[in-house]
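Student: Structure below; questions to follow.
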Amino acid sequence: MASEKSSSDLTLLDFWVSPFGQRVRIALAEKSLPYEYVEEDLLAGKSDRLLQSNPVHKKIPVLLHGGKPVNESLIIVQYLDEAFPDTPSLLPADPYARAQARFWADYVDKKVYDCGSRLWKLKGEPQAQARAEMLEILKTLETELGDKEFFGGEHGFGFVDAAFAPFTPWFMSYEKYGEFKVAEVAPKIAAWAERVGKRESVAKSLYSPDKVYDFIGVLKKMYGIE
């Protein structure tokens, strides 16, 4: 149909270290979809293009498809499944399995980043609470992973893997500020992180733990956190 948009119409507004943007990059790589990458220098300010594309939340990532914006990382990944049905799907075909994948991706969305941020922003008892919460989050996700190679189970690498994988380079920082080891708290998650990090779509979309740790240092200085 003449009205259909092709993958060449894709533009991603993103920020290099954002785990939310990296989810979209992983999904695009899994689907071998070409796109234009536009870096938003969020530390310097937000561009007019970003503000016009996402006037409600004013956040990256934003996927422009034929000039039309799609916002929120998990929604973008699901959109890519639907807009490009001939590419490998990250969500399983079975409705129940899809619902479960959405549940666990939402769990990651609501829990990991916020708790991890409190680990490096806070001190004393509030930080100790964040540490306890992070340990519980990791154990909960480990229970869901079980003995599977990926969270997608029989489906293989999937929606939850793409949602959670961008946080693996942050593990080192969480460990340093929270004074724990992921390998000791949730060894199956640590092993999964190593496996998933070797996947081409993930490896080329993420940055090293050292770069993430340095970035957190920049944020701490910006926020005046000792």
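Student: From the residues in segment 57-104 that are touching a Phe, Trp or Tyr at 6+ places or on another chain (Cβ under 6 Å) and among the β-branched types (Val, Ile, Thr), which one is surrounded by the most Cβ atoms within 10 Å (Cβ to Cβ)?
Tutor: Within segment 57-104, the match that is surrounded by the most Cβ atoms within 10 Å (Cβ to Cβ) is 60.
Student: Would you check which residues across segment 125-152 are surrounded by fewer than 18 Cβ atoms within 10 Å (Cβ to Cβ), in a helix (DSSP H, G or I) and of a type in the set (Gly, Ala, Ser) and list them?
Tutor: 128, 132
Student: Among the candidates 150, 171, single out the residue that is over 17 Å from residue 19 (Cα atoms), touching a helix residue (DSSP H, G or I) at 6+ places or on another chain (Cβ under 8 Å) and without any contact (Cβ under 8 Å) to a residue 60 or more places away in the chain.
Tutor: None of the other options fit; the residue is 150.
Student: Shifting gears a bit: Can you tell me which of 118, 131 is over 20 Å from residue 21 (Cα atoms), free of Cβ contacts under 8 Å to residues at least 60 places away in the same chain and more than 19 Å from the chain's Cα centre (by Cα)? Give the steps one after another, and end with the answer.
Tutor: Values: 118 fails: more than 19 Å from the chain's Cα centre (by Cα).
Going through 118, 131 in turn, the sole match is 131.
Student: Could I ask something else about it? Working only within segment 84-124, note down all residues that are aromatic (Phe, Trp, Tyr) and not in a loop (DSSP other than H, G, I, E, B).
Tutor: 96, 103, 104, 107, 113, 120
Student: Of all residues in segment 174-226, which are among the small types (Gly, Ala, Ser), within 20 Å of residue 146 (Cβ to Cβ) and without any contact (Cβ under 8 Å) to a residue 40 or more places away in the chain?
Tutor: Within segment 174-226, 183, 190, 191, 193, 197 qualify.
Student: Exactly one condition in (1) under 14 Å from the mean Cα position of the chain (by Cα); (2) without any contact (Cβ under 8 Å) to a residue 60 or more places away in the chain; (3) under 29 Å from residue 154 (Cα atoms) is false for residue 62; which is it?
Tutor: Here residue 62 meets the rest and fails (3).
Student: Collect the residues in segment 207-221 that are in contact with a helix residue (DSSP H, G or I) (Cβ under 8 Å, 6 or more places away or on another chain) and open to solvent by 30 Å² or more (accessible area, probe 1.4 Å), keeping them in residue-number order.
Tutor: 207, 208, 209, 210, 211, 213
Student: Follow-up question, since we're still on this one. Taking the condition crowded, with 20+ Cβ neighbours inside 10 Å and closer than 28 Å to residue 123 by Cβ, does residue 186 pass? Quick ask: steps written out before the conclusion?
Tutor: Numbers: crowded, with 20+ Cβ neighbours inside 10 Å: yes; closer than 28 Å to residue 123 by Cβ: yes.
Considered against the rule, which asks whether it is crowded, with 20+ Cβ neighbours inside 10 Å and closer than 28 Å to residue 123 by Cβ, residue 186 comes out as yes.
Student: Considering only residues that are polar (S, T, N, Q) and over 18 Å from residue 105 (Cβ atoms), look in segment 10-56 and name the one that is most open to solvent (accessible area, probe 1.4 Å).
Tutor: Going through the qualifying residues, I end up with 52.
Student: Can you give me the number of residues within segment 105-117 that are open to solvent by less than 70 Å² (accessible area, probe 1.4 Å) and under 17 Å from residue 215 (Cβ atoms)?
Tutor: Qualifying residue count, segment 105-117: 3.
Every residue, every condition in (1) closer than 17 Å to residue 79 by Cα; (2) at pLDDT below 95, yes or no:
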site: 2; (1), (2): no, yes
site: 5; (1), (2): yes, yes
site: 12; (1), (2): yes, no
site: 17; (1), (2): no, no
site: 23; (1), (2): yes, no
site: 26; (1), (2): yes, no
site: 29; (1), (2): yes, no
site: 37; (1), (2): no, no
site: 40; (1), (2): no, no
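The values are calculated or read from the model by the stated rules, or taken from the named source; none is laboratory data. Since the structure is predicted, the reported quantities are computational estimates derived from the model, not experimental observations. Heads up, the Cβs are rebuilt from the backbone with ideal geometry, glycines too, and the neighbour counts pull from every protein chain shown. Just the protein is used for accessible areas: all its heavy atoms, side chains included, with ligands, DNA and RNA removed. Shrake-Rupley method; radii C 1.70, N 1.55, O 1.52, S 1.80 Å.
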